[in-house]
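The values are calculated or read from the model by the stated rules, or taken from the named source; none is laboratory data. Because the structure is a prediction, the values reported are computed rather than measured. Cβ atoms come from the backbone with ideal geometry, glycine included; neighbour counts cover every protein chain shown.
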Amino acid sequence: MKLVSYKTEDREHLGIFIDGHIYNLHSCDKLIPDNMIAFLWGGDELMEHAKKVDRAIKSGELEARQELFFELMAPVPHPTSCRDAYAFRQHVETARRNRGVDMIPEFDQYPVFYFTNHNAIQGPGEIECMPDHFDKLDFELEVAVVLNKKGRNIKAAEADSYIAGFMIMNDMSARTLQMEEMLLNLGPAKGKDFSTVIGPWLVTPDELEPHLTNTKDGHTGNTYNLEMLCHVNGKEVSRGNMADMDWTFAEITERAAYGCDVLPGDVIGSGTVGTGCFLELNGTGLLNDTNYKTQWLQPNDLVEMEVTGLGVLGNIIKKSDSDFSILNLKK
């Protein structure tokens with residue numbers, strides 16, 4: 001099942017996406033709230049209600065009205081929090097090699113994550129960036145999950161049952177801002193807090209069962225064989241696979257829930273897949289060829305991310321008409 005959030009006349013709604021059409025869930029079953037967060041707080045019970053509607057529409061048992069005029073939003077437009085992990089060894093190892101530093105053994109000992117701005121979540125469509133963001137503006141190709149149960153001290157063996165679904169995630173990054181602030185061993189903050197893109201819909205785990213594959217030795221949780229691609233202006237720039245995650249979402253959730261509550265509506269990103277950002281690609285290119293032409297996102301670029309079973313997330317990068325710069329405020 002594919003769940004969507006959308007707007008009609010500036011009012012937000014919850015729907016399901018079937019064969020290119022959107023149907024409002026609340027109009028089909030009054031027990032289902034008309035917004036994603038309230039739905040997620042309903043846990044497995046409301047999820048079963050939604051799946052029943054989904055099956056009834058697909059079988060023709062229920063003749064639901066299609067939404068004709070709508071604006072597609074992020075599937076979880078108002079997450080309770082947003083964490084982003086560091087799960088792909090290839091990305092971490094390559095990025096460190098490109099900087100001339102060794103891989104750190106701690107990567108293989110425990111998963112890590114940081115909190116990003118859950119109020120800066122966006123979905124398909126235009127992404128407006130400030131002038132400083134365009135100083136080495138980057139995409140990051142990821143997958144994210146959202147939880148639909150409250151929990152604390154969750155064990156990895158149980159954590160997959162807390163996952164309501166999966167989405168494509170683009171962790172937008174302003175590299176100059178990010179690298180400057182991280183010289184002080186804190187962050188990332190301003191380099192990341194302006195936009196995190198998720199979408200186009202939330203895909204429930206049962207729909208991805210045909211893509212289940214073996215989890216790496218010594219690890220716990222579900223692993224999915226999902227090809228991940230990114231195109232910029234129609235040109236492929238990144239290709240990877242979700243199965244290459246060295247830490248599973250179950251293990252990341254276990255870490256996140258240690259000693260604190262995780263909540264329905266919490267979004268957790270995988271971290272960047274190998275080759276999944278210009279920072280990594282540029283570094284590798286320059287390492288192999290000093291004349292390599294680096295690339296960063298530019299105004300009006302079209303960024304399209306595609307993941308098997310999760311759809312295509314498309315965004316056009318727009319430049320704000322403001323000239324305000326925090327880079328120029330340095331003492």
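Within the range 105-139, track down each residue that is assigned to a loop (DSSP other than H, G, I, E, B) and without any contact (Cβ under 8 Å) to a residue 12 or more places away in the chain.
Of the residues in the range 105-139, the ones assigned to a loop (DSSP other than H, G, I, E, B) are 109-112, 116-117, 123-124, 130, 135-136, 139.
Matches in the range 105-139: Q109 only.
Screening T176 on (1) closer than 29 Å to N300 by Cβ; (2) out of contact with any strand residue (DSSP E or B) (no Cβ under 6 Å at 6 or more places or on another chain); (3) crowded, with 24+ Cβ neighbours inside 10 Å shows it passes everything except condition (3). When the range 308-331 is filtered for residues that are of a type outside the set (V, I, T), part of a loop (DSSP other than H, G, I, E, B) and under 30 Å from N225 (Cβ atoms), the ones remaining, listed by number, are G309, L310. The set of residues from the range 275-316 being in contact with a Gly (Cβ under 8 Å, 6 or more places away or on another chain) and either at pLDDT below 95 or acidic (D, E) (or both) comprises E280, E304.
Taking the conditions (1) part of a helix (DSSP H, G or I); (2) of a type outside the set (S, T, N, Q); (3) free of Cβ contacts under 8 Å to residues at least 12 places away in the same chain in turn, L186 satisfies each one other than (1). Of all residues in the range 64-94, those being among the aliphatic types (A, V, I, L, M) and either in a loop (DSSP other than H, G, I, E, B) or touching a Leu at 6+ places or on another chain (Cβ under 7 Å) (or both) number 6.
Going through (1) closer than 29 Å to E227 by Cβ; (2) loosely packed, with under 15 Cβ neighbours inside 10 Å; (3) under 28 Å from the mean Cα position of the chain (by Cα) one by one, W296 falls short only on (2). Would it be correct to say that I16 is farther than 17 Å from V267 by Cβ, touching a Phe, Trp or Tyr at 6+ places or on another chain (Cβ under 9 Å), free of Cβ contacts under 8 Å to residues at least 24 places away in the same chain and among the hydrophobic types (A, V, I, L, M, F, W, C)? So I16 fails the test.
Comparison of D84, D102, D132 shows that the only residue that is under 17 Å from the mean Cα position of the chain (by Cα) and of a type in the set (D, E, K, R) is D84. In the range 47-66, the condition of being surrounded by fewer than 19 Cβ atoms within 10 Å (Cβ to Cβ), out of contact with any strand residue (DSSP E or B) (no Cβ under 8 Å at 6 or more places or on another chain) and under 22 Å from R11 (Cβ atoms) is met by at least one residue. Could you go through the range 23-30 and let me know if any residue there is assigned to a loop (DSSP other than H, G, I, E, B) and free of Cβ contacts under 8 Å to residues at least 24 places away in the same chain. Taking every residue of the range 23-30 in turn, at least one turns out to be assigned to a loop (DSSP other than H, G, I, E, B) and free of Cβ contacts under 8 Å to residues at least 24 places away in the same chain. For the range 77-84, the count of residues that are over 30 Å from H219 (Cα atoms), in contact (Cβ under 8 Å) with a residue 60 or more places away in the chain and of a type outside the set (V, I, T) is nonzero.
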